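Chemist: Questions regarding the structure given below will be posed in turn.
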């Protein structure tokens with residue numbers, strides 16, 4: 001699943017970012033940056049067909065790919081004087097990711113269903129350079145069409 005162009009604004013202030021020099025970094029004006037994320041998840045899905053309605057649950061494990069935090073470091077370094085090694089330290093992260101949730105499929109024909117709801121809790125382990133945290137908890141809602149082969 002892909003998520004694109006999420007804007008993120010870093011407010012003006014003083015930040016202690018261990019990988020950057022000088023430390024702390026002073027940001028005089030807000031900095032806006034963006035990033036993309038893609039997840040690749042695999043795991044069991046349990047379906048319980050009841051007539052034309054099929055509720056399901058899933059527990060998925062895998063990884064994800066994002067350039068959001070790398071773009072933040074580059075934006076901070078463009079507004080300040082960072083060391084060259086700090087600029088090279090930024091980039092794309094590929095952490096552990098998992099999803100737990102479920103949804104509902106409504107069969108429209110033999111090869112086609114409508115999915116009005118799928119809700120998942122998503123855990124990613126991206127390293128946030130501004131807060132030094134490693135876990136992000138998010139919820140995902142999706143809906144769409146399901147083709148049966």
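The values are calculated or read from the model by the stated rules, or taken from the named source; none is laboratory data. None of the values given here were measured: they were computed from a predicted structure. Virtual Cβ from ideal backbone geometry, glycine too; neighbours counted across all protein chains shown.
Chemist: Can you give me the number of residues within the stretch 27-44 that are surrounded by 12 or more Cβ atoms within 10 Å (Cβ to Cβ) and in a strand (DSSP E or B)?
Modeler: 11
Chemist: Given the conditions (1) at pLDDT below 80; (2) exposed (fewer than 15 other Cβ atoms within 10 Å of the Cβ); (3) touching a strand residue (DSSP E or B) at 6+ places or on another chain (Cβ under 6 Å), report the number of the one that residue 84 does not fulfil.
Modeler: (3)
Chemist: Now for a different question. Regarding residue 69, is this residue modelled with pLDDT under 90, within 22 Å of residue 138 (Cβ to Cβ) and buried (at least 17 other Cβ atoms within 10 Å of the Cβ)?
Modeler: yes
Chemist: Under 22 Å from residue 133 (Cα atoms), out of contact with any strand residue (DSSP E or B) (no Cβ under 6 Å at 6 or more places or on another chain), surrounded by 12 or more Cβ atoms within 10 Å (Cβ to Cβ) and modelled with pLDDT of 90 or more: does that describe residue 96?
Modeler: yes
Chemist: For residue 57, state whether it is at pLDDT 85 or above, surrounded by 15 or more Cβ atoms within 10 Å (Cβ to Cβ) and closer than 23 Å to residue 148 by Cα.
Modeler: Taking the combined requirement at face value, the residue does not satisfy it.
Chemist: Separate question: So for the stretch 103-115 (the condition being at pLDDT 85 or above, surrounded by fewer than 15 Cβ atoms within 10 Å (Cβ to Cβ) and closer than 23 Å to residue 38 by Cα), does at least one residue qualify?
Modeler: Within the stretch 103-115, none of the residues are at pLDDT 85 or above, surrounded by fewer than 15 Cβ atoms within 10 Å (Cβ to Cβ) and closer than 23 Å to residue 38 by Cα.
Chemist: With respect to residue 10, is the statement that it is more than 23 Å from residue 136 (Cα to Cα) and in contact with a helix residue (DSSP H, G or I) (Cβ under 9 Å, 6 or more places away or on another chain) true?
Modeler: In short, no.
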